[in-house]
Amino acid sequence: MTAHNGRWIALLGLLVLSALYLGEIGGYALQDPDEGRYAEIPREMIESGDWVTPKLNYVVYFEKPPLFYWLVAMSFEVFGLTEGAARAVPALAGILTVVMTFFLGQHLLGTRAAVYGAGILASSPIFFVLAEALTIDMVLTACMTATMASFYAAHLSEKKGLWVGLVAASAALGVLAKGPVALVLPGLIALVFLLWRRDWGTLGALLRPVPILLFVAVVVPWFVLVSRANPDFLHFFFVRENFERFTAEVGHPEGPFFYIPVLLAGPLPWTAVAIGLACTRDGRAALGEVPRDARSFLLLWGGLIIAFFTVASSKLATYILPALPPLALVAGAWLDRVVERTRLTAGVARWLGTTMFALGLVTLAAAAIAWPLESTLAQAFGGDAEDVRAIVGACTRTGLAFAGVGFFVGRSRLGGRLTAATAMLALMLGMGLGVFGALPGRAVVKTSEQLARAVDAERRDGDLITLYKKLWQGMPFYTQGRIGMVRNYDEVWHGVSISPEREQYYWDDLAPLIEQWDSGRRVFVLTNRELVPEIAKRVDVEPRLLARDRRRVVIVNFPSSGDGEGDAPGVPEGNGTASAVPSGG
């Protein structure tokens, strides 16, 4: 692959990448809890005009800094309050991360290795899916990738001023995106690398007043403003949300081997390729040909991130997302050396092609069996026929993509008109199309959109909308108003505990809700089906079923008009009572 051809392939890859990453971001509802939460906080910023103190369901929410909320709010201001506008932020952050990965790989390893590395990263299912999900992790990953790429450029450059300034700025933005981890982790990686290489010049440049002052100028103003407005912020944010999450079982406690299956399954099939190559002498020899300095830096970068979160008490699969760009570049450089070995490359391509073709056929067969049974499956799983159709459609698109590219790659002999590079790029494109095709299937995962539609169709001024023992974080976004809560405050417990409106909207027991229910005021209660009997046995006005989806229901204390019933799947005909809703499920 010449430099000229590499540039054209990179440009084509960027166009395809943009189409895949942006093509479906508005095609399905926001999922609870994360997407609903991260859309509602920016919406409330716009509504209140307060861009300093984040609020969720109108109570303070101190768990994360504001950069992500600001970006989503600005997207809302430009494109409107839509799912696509919200998801544009992580999708663009994902595209930017892939682009930065390519340019770093081009500088370290050459154009062909950079194309492979960027393609592996972009087509890894875990990376692709998180670029389509409204969470903070992709923005953090973009910031940390920029920090580490700038750091390595500073290490190589004789004139370090510009690069250390970019290190400081990108690290500061990372801190504003998710907190101190965006400074601690890059700082730890940089320190270990510089001590190992004895690069005192770069270390000294990073510790000069200018980059430090730049970092402070970007980070500190918001922390000062939010602390002045909320005196309890500093303790909650730094002690509970950062120190205790790392050292104590706060949030998501998992075992020490939690990330092993994440690393094996998340980037499939590329992890299977790496394992297969590692089991052969030629494959190990190809890895040994990757430039040692670049390989050591990239493995240190990815390895320390994984080790850091392995030691931490609180773990989520998304936490190690910033480790994927350097690991993808190592894999890309490895493949770059593998394609020089025609026999090894042919075996890898045939094995991958056969695997993807078989996976595609299995997926298509499952879709073909499920399609005529959609009503039976919907009833069996407590869903709706539209849900089954969405999943079957997603399986069909994914199966076609996998089978098509598997046949194309598996049947090739990697010679003549089809080069090894073309086969690898086709495989990357097929993986991307497969995950892209599966995305609409997320529309049937837990979301508040349909139930919110049913509520909006019936609500009037003065109505009370309340969650009972459940926090559906998308409901405030889709109803665009405050939702009362009974008992389970989940992630907003701190904000609820200090809210001046706690007695009016947030209750620790059922008694205030019962009083409102039997008072003649129109009340909507949103809860799980199995919890309805707890309410029904204590009220005088019999609950009526307004809407349902799988486990969740909306019950009301008034006869509904039925105007909105056609908008929400699973709504029974007429004014069904809550007792008609099967428990459990």
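Structure data summary
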| read-out | value |
| --- | --- |
| Index of the failed condition, W517 passing every other in (1) buried (at least 22 other Cβ atoms within 10 Å of the Cβ); (2) free of Cβ contacts under 8 Å to residues at least 40 places away in the same chain; (3) out of contact with any Pro (no Cβ under 7 Å at 6 or more places or on another chain) | (2) |
| Residue in segment 65-76 that is more than 22 Å from the chain's Cα centre (by Cα) and in contact (Cβ under 8 Å) with a residue 24 or more places away in the chain present | no |
| Answer residue from segment 138-153, given it is touching a Ser or Thr at 6+ places or on another chain (Cβ under 6 Å), of a type outside the set (S, T, Y) and surrounded by 24 or more Cβ atoms within 10 Å (Cβ to Cβ) and is farthest from V184 (Cα to Cα) among those | A142 |
| Counted residues, segment 529-552 - those being crowded, with 18+ Cβ neighbours inside 10 Å and out of contact with any Phe, Trp or Tyr (no Cβ under 8 Å at 6 or more places or on another chain) | 7 |
| Residue pairs meeting the criteria (Cβ under 7 Å; at least 6 apart or on separate chains; first within 15 Å of F237 (Cβ to Cβ), in segment 199-226; second at pLDDT below 90) | V226/F233 |
| Residue match in segment 274-291 (condition: in a loop (DSSP other than H, G, I, E, B), touching a residue at least 40 places away in the same chain (Cβ under 8 Å) and buried (at least 17 other Cβ atoms within 10 Å of the Cβ)) | yes |
| Sole residue being in contact with a Gly (Cβ under 8 Å, 6 or more places away or on another chain), in the same structural domain as L134 (by TED's automatic domain parsing) and over 24 Å from L109 (Cα atoms), chosen from L183, L173 | L183 |
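Listed here are the residues, each with its yes/no results for (1) surrounded by fewer than 17 Cβ atoms within 10 Å (Cβ to Cβ); (2) out of contact with any helix residue (DSSP H, G or I) (no Cβ under 7 Å at 6 or more places or on another chain).
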| position | (1), (2) |
| --- | --- |
| L11 | yes, yes |
| L22 | no, no |
| R37 | no, yes |
| E47 | yes, yes |
| W51 | yes, no |
| P54 | no, no |
| F76 | no, no |
| A93 | no, no |
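Let's see how each residue does on (1) of a type outside the set (S, T, N, Q); (2) farther than 18 Å from P33 by Cα:
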position	(1), (2)
K446	yes, no
Q450	no, no
Y478	yes, no
S499	no, yes
P533	yes, yes
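The values are calculated or read from the model by the stated rules, or taken from the named source; none is laboratory data. Predicted model, so just to flag it, every value in this text is computed and none were measured. All Cβ positions, glycine included, derive from the backbone under ideal geometry; neighbour counts span all protein chains shown.
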